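Heads up, the thing below is written out as structure tokens.
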Amino acid sequence: MLGHAVRARMTGGLVGLLLAAGTCAVTVIPASPASADAVRDQEMWVLDMVHAPAAWPITQGQHVIVAVIDSGVFPSVSDLAGSVIKGPDLSGVTTPQSDTSWGVHGTWMASLIAGHGHGDGSSGIEGVAPASHVLSIRVVTGLVRREFGQIVVHEAMHAWLVQHRFPSLPEPLCEGLCQAMSYRYIRRHMAEPRARLMARHIRESPDPVYGGGFRAVRASALEHGFENVIDHVRRTGRLP
């Protein structure tokens with residue numbers, strides 16, 4: 001299991017996540033026993049979405065090393081035991097691994113890549129390439145909860161667009177849709193000052209792709225409804 005690591009809980013199916021509410025709860029918890037496949041059952045929608053189980057009979061990432069350039073990876077986590085290669089610490093800080101904030105995000109990302117479960121392998125986190133190794137390169141000290149949730153929702157929307165065979169979209173439209181989903185997620189937590197700041201950053205970003213794309217999608221959604229916008233983009237490749 002992931003000791004002092006992030007466990008992501010996505011409520012409802014992916015369609016519910018992306019079209020209804022953009023719900024993603026992320027919590028930092030200590031290691032604790034879980035029922036046989038409780039953790040794995042919660043992550044299977046991700047593995048199924050990228051068709052990882054279908055690829056495993058062909059390859060599980062043997063002899064592959066993936067660099068995880070993040071907040072560090074706990075090599076002693078049971079689901080990653082023997083799969084972590086220690087690389088340099090370029091973060092410029094001296095936080096010890098005993099600190100509960102050390103390597104939270106990096107360990108979670110590494111587990112999604114190379115997790116192989118624990119015990120007989122039937123419990124715990126299983127990654128996309130469970131036979132691969134990760135090279136831990138520490139460059140950041142971790143992301144706060146809402147920022148991590150925002151990133152997860154944004155990237156999940158990218159995957160959802162591909163999975164549902166949307167046409168090739170102009171970059172501002174594609175990123176605008178993904179930012180719109182991030183914004184929907186953040187708006188569920190507007191009681192938090194950090195979330196309000198993040199929402200403002202999305203709304204007012206001067207970036208023509210991310211900021212401009214979001215504002216165009218938002219204006220269209222306010223006029224036509226978000227689900228109608230999604231349906232129209234899927235059929236035509238443009239905003240209504």
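The values are calculated or read from the model by the stated rules, or taken from the named source; none is laboratory data. These numbers come from a predicted model, not from an experiment. No Cβ is skipped: glycine too gets one built from the backbone with ideal geometry, and neighbour counts run over all protein chains shown.
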Study note, to complete from the structure: In the set 66, 46, 28, the lone residue that is part of a strand (DSSP E or B), under 21 Å from the mean Cα position of the chain (by Cα), modelled with pLDDT of 70 or more and in the same structural domain as residue 113 (by TED's automatic domain parsing) is 66
Revision key, fill the gap. Going through (1) more than 30 Å from residue 108 (Cα to Cα); (2) in a helix (DSSP H, G or I) one by one, residue 175 fails only at (1)
Study note, to complete from the structure: When every residue in region 220-233 that is loosely packed, with under 14 Cβ neighbours inside 10 Å and either part of a helix (DSSP H, G or I) or of a type outside the set (Gly, Ala, Ser) (or both) is compared, the one nearest to the chain's Cα centre (by Cα) is 227
Check your understanding: Of the residues that make up region 152-160, is at least one within 30 Å of residue 99 (Cβ to Cβ), at pLDDT below 90, part of a helix (DSSP H, G or I) and β-branched (Val, Ile, Thr)?
Key -> yes
Practice item. Considering every residue within region 186-198, establish whether at least one is modelled with pLDDT under 95, in contact with a Phe, Trp or Tyr (Cβ under 7 Å, 6 or more places away or on another chain) and closer than 17 Å to residue 151 by Cα. Key: no
Review point. Only one residue in 165, 194 is surrounded by fewer than 23 Cβ atoms within 10 Å (Cβ to Cβ), part of a helix (DSSP H, G or I) and among the basic types (Lys, Arg). Which one?
Key: 194
Check your understanding: Can you tell which of 217, 152 is among the hydrophobic types (A, V, I, L, M, F, W, C), buried (at least 16 other Cβ atoms within 10 Å of the Cβ) and without any contact (Cβ under 8 Å) to a residue 60 or more places away in the chain?
Key -> 217
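Tally the residues that are assigned to a loop (DSSP other than H, G, I, E, B) and either in contact (Cβ under 8 Å) with a residue 12 or more places away in the chain or of a type in the set (D, E, K, R) (or both), restricting the search to region 69-82.
Residues that pass the stated criteria total 8.
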Revision key, fill the gap. Of those in region 104-145 that are of a type outside the set (Val, Ile, Thr), assigned to a loop (DSSP other than H, G, I, E, B) and in contact with an Asp or Glu (Cβ under 8 Å, 6 or more places away or on another chain), the residue modelled with the highest pLDDT is 115
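A quick yes/no check of all residues on (1) touching a His at 6+ places or on another chain (Cβ under 6 Å); (2) of a type in the set (D, E, K, R); (3) in contact (Cβ under 8 Å) with a residue 40 or more places away in the chain; (4) under 28 Å from residue 72 (Cα atoms):
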| position | (1), (2), (3), (4) |
| --- | --- |
| 115 | no, no, no, yes |
| 131 | no, no, yes, yes |
| 163 | no, no, yes, no |
| 211 | no, no, no, no |
